[in-house]
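Following: one structure in structure tokens, then a few remarks.
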Amino acid sequence: MPSRAPNRNAVCLAVLLLAVAADQITKWWARSALADGRSIALVGRFLRLELVRNPGAAFSVGSGRTWMFTVLAVVILGAMAWLYRRSADTATRASIALLAGGAVGNLIDRLFQPPSFGQGHVIDFIGYGDWFVGNVADIWIVVAAAALVLSLAREGGGGAAAHAGKDSGGGAAEQADGSTERGGAPEAPPAATAGGADG
């Protein structure tokens, strides 16, 4: 069992690094291919590519508070590291790694994109109709969050099932002993009791 832990951690590290790499490579492409302000339609009006520099969070919320989102991203990454260490489930850890990869991808933009360190604008380029424009890191975050909820629910359900099985096993053992809830010894058969009284 202990020998599997390094392999599992290596897989999760690979997931995180690949998520960051895919996000940053696609953002590099968007900055060069869409810099002239053009829009490339992929699925009619519903999906398109266009370059947007977002100073805020999703839907451009908090555009004037970029520093706050930078600090919040660091805190969230710390919380994910804590959750990763507490979890023993491979699927849960992989989901956390993918979620962290998305968070790191956007954090890199906030740290190193213009206008300044810590206040950089996130590179968004995937337009979803008239709703919002996002990036690959956002996709990782949404997919990983859904997978993490399912993994944690499965972990909780497995623990409850194991606890219920333990309880039913204990009850079956008590029935096999013939013990009662009063904790006394098994009752003697009626015939044996009568025989003892006659003697």
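At 1.4 Å probe size, with the rest of the protein present, what percent of the exposed accessible area of region 85-163 is carbon and sulfur atoms? It would help to have the intermediate numbers written out before the result.
Working: 2650 of 3790 Å².
It is 70 percent, rounded to a whole number.
Order the peptides 30-37, 15-22 from the highest to the lowest mean number of other Cβ atoms within 10 Å of their residues. Intermediate results must be reported in sequence, preceding the final value.
Working: 30-37: 11.9, 15-22: 18.6.
The peptides rank, most packed first, as 15-22, 30-37.
The values are calculated or read from the model by the stated rules, or taken from the named source; none is laboratory data. Quick caveat: nothing in here was measured; it's all calculated off a predicted structure. Glycine gets a Cβ as well: all are built from the backbone with ideal geometry, and neighbour counts include every protein chain shown. Quick note on the areas: whole protein, heavy atoms, side chains included, nothing else; ligands and nucleic acids left out. Shrake-Rupley method; radii C 1.70, N 1.55, O 1.52, S 1.80 Å.
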